[in-house]
Amino acid sequence: ILGEHLRICPQGYTCCTSEMEENFANKSRSEFEAMMKEAGRAVQATLTAQHRSFDSYFQDLLNKSEKALYDAFPSMYGELYTQNAKVFKDLYSELRRYYRSSNINLEEALNEFWTRLLERLFKLLNPQYHITDEYLDCMVKHAEQHRPFGEVPRDLKVKATRAFIAARSYAQGFLVGSDVVRKVSQVSLSQECSRAIMKLMYCPHCRGMASVKPCTNYCLNVVKGCLANQADLSTEWKYLMDSLIGVADRIDGPYNVDTVIGTIHMRIAEAISNLQENKDSITSKVFQGCGNPKISTKGSSSEEKKRRVKVTLEAKSSAQALEMLVLDAKGNLTALKTYWITLPSNLCSKKVMASSALDDKCWNGMTKGSYLPEVMGDGLANQINNPEVEVDITKPDMTIRQQIMQLKIMTNRLGNANIGNDVDFQDTSDDMSGSGSGDSCPDDVCGKRLSKSPSTRQPETHAIPKQSGHGVNGASSRSLPSASLLLLLSVAVIAAQHLWR
């Protein structure tokens, strides 16, 4: 019949009524959105699988260290351990809370552990004296210069903080990436795009050419126009993938989590042995600085003498498992770098099943023949002359701009982790200084250290998106920054980009 009633397809002779055209339009829209979500789910599955593998490995490493301590310390140290078991338990609890992105200053937690342990052990190693809380306060003030635990606290603080900062940023990076893909994959098609998708996928049916495939370049122009905003994610997405790869190298290199986390119990045992071996010298120095405490009426105990044993703890290395995890992750991250800009060609070749680019018997939007217009570039700015989809390049999709901001924030955090600086996750929307390059930046820009004491630095804070149930066990969910603020920030970013041009 004559196709004067058609509103989307060419109005030549047609097989379709108005109702059929509308049904095809709805069908093409739902099918294309399903293709987008399916492609996104594959990326999400890859990222969440990487997170799950690393998280399981890291938690297992921490659990084994804690179990080794609980198994060995009672027989090694007797009362030195049994009367202070909670101190050790609290340390591992704090380490887990920090890894799960709780608002904890890791250096402060480690300092607190060594302080509490020293107070307890000093009293147990000197049972013949009556040592008051005031006397312990004085003793702790002099502890830094006496170094009762040797170099272990300083060494462990440096290595453990770097390892934990890298580990939790690395784990969080996978979840943020997955969350961004999920949200972007749910963005609805515009009316103009829905019409173009219908024309691409089902108008051949209305012309009696159901077996004719769309021309490849025609398909690319339609999909690039429809996914122009998504393509603008590509730069920040690549920075995130590169930053994750960089931190992965640190985790299996200078900040090796297997060596550091897996031997925490051994370092603690080494520290206690240092205190035991130098007990007389340290006690003498404390007495000189704080005075002689009163003699206790309880008398001395022989427990400490019996328990002065040589450290024989061992750590089972899982370095090979870590190496395999990192290699697998780097391979997947490298493959995902170009996801957003290769998505149109992937959808056209695998989903829409477009014809060969050189085929002159393909559907070109009007009839069976060749397709002459050139293929548009990637991203919103390149769609100004798209012949298939009318795209308003002055109105970027705000949901996608928000996700670009989340990628910048996470990349900035990974950049800090790569140089050993901490950036804590908090529910805040007034500090979004992630500039998005993913490169290391100087301390006075993205690694500011706000010291409470000479050995303590306060983490920076940045907002992160909610993880929709994918977070590490025990991690509190975080709210997105306000839409109005992100709108202002996105407009500012776009304005800056135009100025720099």
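The values are calculated or read from the model by the stated rules, or taken from the named source; none is laboratory data. As the structure is a computational prediction, the values presented were derived from the model and not from experiment. With ideal geometry, Cβ positions are generated from the backbone for all residues, glycine too; neighbour counts draw on all protein chains shown. In case anyone asks, the SASA skips ligands and DNA or RNA and just uses the protein heavy atoms, side chains included. Shrake-Rupley method; radii C 1.70, N 1.55, O 1.52, S 1.80 Å.
Some observations on this one:
- With the charge dipole of the range 356-423 set up from +1 on Lys and Arg Cβ and -1 on Asp and Glu Cβ about the Cα centre, the Cα lying farthest toward the positive end among the listed residues 373, 406, 384 is that of 406.
- Basic side chains Lys and Arg get +1 at the Cβ, acidic Asp and Glu get -1 at the Cβ, and with that the dipole of the range 3-148 about its Cα centre reaches some 380 debye.
- The range 57-120 - percent of accessible surface contributed by carbon and sulfur, probe 1.4 Å: 47
- Histogram of C-alpha separations across the range 16-143, 5 Å bin width, %: 2, 8, 11, 12, 12, 10, 8, 5, 5, 4, 4, 4, 4, 3, 3, 2, 2, 1, 1, 0, 0
- Computed E for residue 188/residue 394 - FRET, C-beta separation, R0 25 angstrom, nearest 0.05: 0.80
- When peptides 99-107, 83-91 are sorted by average Cβ neighbour count within 10 Å, with the highest value leading, the order is 99-107, 83-91.
- Cross-link pairs beyond the 19 Å C-alpha cut-off, checked among 157/408; 183/408; 37/224; 67/330: 157/408; 67/330
- Cleavage-rule hits (trypsin sites (Lys or Arg not before Pro)) in the range 242-301: DSSP loop, at most 10 neighbouring Cβ within 10 angstrom: 298
- Computed as a quarter of the hull surface, the mean projected area of the alpha carbon convex hull for the range 160-222 stands at 6.7 nm².
- With the simple spin-label model, which puts each label point 7 Å out from Cα in the Cβ direction, the residue 30 to residue 133 separation comes to 6.9 nm.
- Heavy atoms of residue 368 accessible to a 1.4 Å probe, total area in Å² rounded to 10: 110
- Average projection area in nm² (convex hull over Cα atoms of the range 76-156, one quarter of hull surface): 6.2
- Annotation: amide H of residue 6 has no partner in the under-5 Å range at sequence separation 5 or more or interchain, hydrogens built in the peptide plane.
- When peptides 222-231, 338-347, 194-203 are ranked by their average number of other Cβ atoms within 10 Å per residue, the highest-first order is 222-231, 194-203, 338-347.
- Ranked by the mean number of other Cβ atoms within 10 Å of their residues, highest first, the peptides 378-387, 4-13 come out as 378-387, 4-13.
- Residue 37-residue 60 FRET efficiency (beta carbon distance; Förster radius 35 Å; 0.05 resolution): 0.60
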